[in-house]
Amino acid sequence: MSLWEKAVAELLDIIEWSDDSPDTMVWRFPRFDNEIKYGAQLIVRQAQAAVFVDRGEIADVFTSGQHSLTTKNLPVLTTLLGWKYGFHSPFKAEVYFVNTRNFTNLKWGTRNPVILRDQEFGPVRLRSFGTYVVRVSDPAKFIQEIVGTGGHFTLDDISEQLRNLIVSRFADALAESGIPLLDLAANYTELSTLLTKQIAPEFLEYGLEVTKLLIENISLPLEVEAALDKKSSMGIIGNLDNFAKFQAAQAMEAAAKNPGGDASAGVGMGMGFAMANQLGKVLANPLESASETPPPLPGDAYFIGKNGTKTGPFDIQTINNNIHAGTVTGETLLWKQGMAGWEKAASFAEFKAAFQSTPPPLPA
């Protein structure tokens, strides 16, 4: 310090700090040899506190207002120094101004994903970020625990430590809450309140108070979000069969308006949706899909030869019905696979019971 600065310091009797920076938390008042005159005027503005430190010990703390530094308002410092000569001589002490306003819009977020177990999706990796507001609630403890002897202390000097503390407690709070993954967005306020309660005692150990903490977003990995979007899209489409029919109808309408061009592509898309729908129905319920195709005729297939005309094939039940109706008689010629030629119906063993229960035709 130059001789001029020393002389000015000897004459200066006002101790104050005009803070114009947005991130300064603590500032030490510069004074030559830390000497303060008896009766000096201390001006502490709103949202400030002045802390006197003597030989590494917190002596006195002054809140906002104008204070005359005498033995009446410096009881602790007076005891520590043991002033002589009627306590009217200059004394030495460091004066730290502490900014006690709210520091807003401070960011926090997870650098690495937090792995949790969800009831519906199983193990998931989540990221989250938000903001918080902090203020110095105990200036003496803040200087003693955090600042030390530094002459200028800013948010950058402690923000990393606070952010790590929030992220660590966030993982605990999220796991203990047991909130399903799809319901997290509806519980941001509850999670914020829970997280604030968990970190408040640890912040108080530093002389700090968390006045507000917000969770702005909890997100999934990109590939999981993409899969979730597909599932949501399927839910919005609803009935795939109706959707495929709608697509096909639109494609056909476009083809009718424009026989050439790109309408055929729309028809192909509609057919593709219809085929995909049918395939999905088969995979979802193979028994039901199989029932839509008629089964093959049971047993042998018979052909009827009558008046030089061959008709058929007919199953055994149809032949029996014709026997009872009288359209097939014992003289009617029948043939089935494996026979060398046509034979009379009465010679077939499978139809004997039908002929016995059917009266013969009336005579002409």
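Quick one: would you say PRO123 is without any contact (Cβ under 8 Å) to a residue 24 or more places away in the chain and within 16 Å of the chain's Cα centre (by Cα)? Don't jump to the end; show me each part of the working.
Values: without any contact (Cβ under 8 Å) to a residue 24 or more places away in the chain: yes; within 16 Å of the chain's Cα centre (by Cα): yes.
Considered against the rule, which asks whether it is without any contact (Cβ under 8 Å) to a residue 24 or more places away in the chain and within 16 Å of the chain's Cα centre (by Cα), PRO123 comes out as yes.
Go over the candidates LEU155, LEU162 one by one and state the one that is touching a Phe, Trp or Tyr at 6+ places or on another chain (Cβ under 9 Å) and either in the same structural domain as GLU57 (by TED's automatic domain parsing) or crowded, with 18+ Cβ neighbours inside 10 Å (or both).
Exactly one residue qualifies, and that residue is LEU162.
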**Report entry** Selection from the range 180-212 of residues that are β-branched (Val, Ile, Thr) and surrounded by fewer than 19 Cβ atoms within 10 Å (Cβ to Cβ)
**Finding:** THR189, THR193, THR211
Report summary line: When the range 152-195 is checked residue by residue, the ones that are touching a Ser or Thr at 6+ places or on another chain (Cβ under 9 Å), in a helix (DSSP H, G or I) and among the β-branched types (Val, Ile, Thr) are VAL167
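Report yes if LYS141 is more than 30 Å from the chain's Cα centre (by Cα) and in the same structural domain as ARG28 (by TED's automatic domain parsing), otherwise no.
Details: more than 30 Å from the chain's Cα centre (by Cα): yes; in the same structural domain as ARG28 (by TED's automatic domain parsing): no.
So LYS141 does not fit the description; no.
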Report summary line: Note on the range 92-115: residues surrounded by fewer than 16 Cβ atoms within 10 Å (Cβ to Cβ), in contact (Cβ under 8 Å) with a residue 24 or more places away in the chain and assigned to a strand (DSSP E or B) are LYS92, THR104, ASN105, LYS107, GLY109
Requested in this report: Looking at (1) modelled with pLDDT of 85 or more; (2) under 43 Å from the mean Cα position of the chain (by Cα); (3) surrounded by 14 or more Cβ atoms within 10 Å (Cβ to Cβ), find the lone condition where GLY150 falls short.
Outcome: (1)
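Select from the range 340-359 the residues that are exposed (fewer than 10 other Cβ atoms within 10 Å of the Cβ) and closer than 15 Å to ILE316 by Cβ and list them in ascending order.
Passing the criteria: only ALA349.
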Report task. Tell me which of these ASP156 doesn't satisfy, since it passes every other one: (1) under 30 Å from PHE62 (Cα atoms); (2) free of Cβ contacts under 8 Å to residues at least 40 places away in the same chain. Result -> (2)
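The values are calculated or read from the model by the stated rules, or taken from the named source; none is laboratory data. The structure displayed is predicted, hence computed values, not measured ones. Glycine gets a Cβ as well: all are built from the backbone with ideal geometry, and neighbour counts include every protein chain shown.
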